[in-house]
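Have a look at the structure below, then the notes.
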Amino acid sequence: MSTISENVIPGNHGKIFETDASSPMELEMIKKAIESLQHVKAVELNTDEYPNQFTVYTSDLVSINEIQEKAKEVGYHALPKTLFSQ
């Protein structure tokens with residue numbers, strides 16, 4: 001594992017996660033939980049994809065594990081999409 005695969009890197013590209021949350025209310029719960037993490041600038045929801053996705057933007061390194069734990073706290077999963085398409 002590397003810094004890039006274990007963290008969300010700051011910048012304009014963000015990191016995309018897939019989630020099992022389906023309703024707008026559930027997605028908002030995840031968004032608010034993740035936005036409460038230090039160094040998270042924004043969480044953008046994308047409901048045009050299946051499964052639903054969200055992108056996390058940060059101002060400093062944020063561990064993917066921290067993001068997944070915040071999603072679990074509200075009852076959902078957050079799975080990071082792969083770094084490079086396979």
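Bear in mind these aren't lab numbers, they're just calculated from the coordinates by the rules spelled out. Source: prediction; values computed, not measured. Counting neighbours? That spans all protein chains shown, and the Cβs are built from the backbone with ideal geometry, glycine included.
Highest first, please rank the peptides 39-52, 63-76 by the mean number of other Cβ atoms sitting within 10 Å of their residues.
With the highest mean Cβ count within 10 Å placed first, the list reads 63-76, 39-52.
Could I get the Rg over Rh figure for the chain? Both from C-alpha atoms, Rh via Kirkwood, rounded to two places.
0.93
Using r as the Cβ-Cβ distance of residue 46 and residue 6, and R0 as 22 Å, what FRET efficiency do you calculate, to the nearest 0.05?
0.45
With axes computed from alpha carbons, what is the tilt in degrees of helix 64-73 against the longest principal axis of the chain, rounded to the nearest 10 within 0 to 90?
20 degrees
Per residue of the chain, what 222 nm ellipticity follows from adding -39500 (n - 2.57) for every DSSP H run with n ≥ 4, rounded to the nearest 500?
That comes out to -8500 deg cm²/dmol.
How far, in nm, would the chain grow between residue 32 and residue 73 when pulled straight, counting 0.36 nm per residue and subtracting the alpha carbon separation?
13.6 nm
Tally Lys/Arg at +1 and Asp/Glu at -1 over every other residue whose Cβ is under 9 Å from the Cβ of residue 45; what's the total?
Net of charged neighbours comes to -1.
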